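Before I ask anything, here is the structure I am working with.
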């Protein structure tokens, strides 16, 4: 299922807020390895989600034109 740009932006906000909360926690005390790894994972997920968002936004703004294929019947008629 494709996600809409609004769904992707909501995911970006959620991931960003989660990462921000970990950075705030790091400002108060030392993070353990699991928390540090989680920050790295969130950063990776954000990069992927931003890419998906940009692609979705571009597809919403670009009108889809039908692809023109040569008419096979015309070639068959010319051959006859």
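The values are calculated or read from the model by the stated rules, or taken from the named source; none is laboratory data. The model shown is predicted, which means the values in this text are computed figures rather than measured ones. Counting neighbours? That spans all protein chains shown, and the Cβs are built from the backbone with ideal geometry, glycine included.
Report yes if some residue within region 27-38 is more than 30 Å from the chain's Cα centre (by Cα), at pLDDT below 95 and farther than 16 Å from residue 5 by Cβ; otherwise report no.
Within region 27-38, not a single residue is more than 30 Å from the chain's Cα centre (by Cα), at pLDDT below 95 and farther than 16 Å from residue 5 by Cβ.
What about residue 43, is it within 24 Å of residue 3 (Cβ to Cβ) and surrounded by 11 or more Cβ atoms within 10 Å (Cβ to Cβ)?
Spelling it out, residue 43 is indeed within 24 Å of residue 3 (Cβ to Cβ) and surrounded by 11 or more Cβ atoms within 10 Å (Cβ to Cβ).
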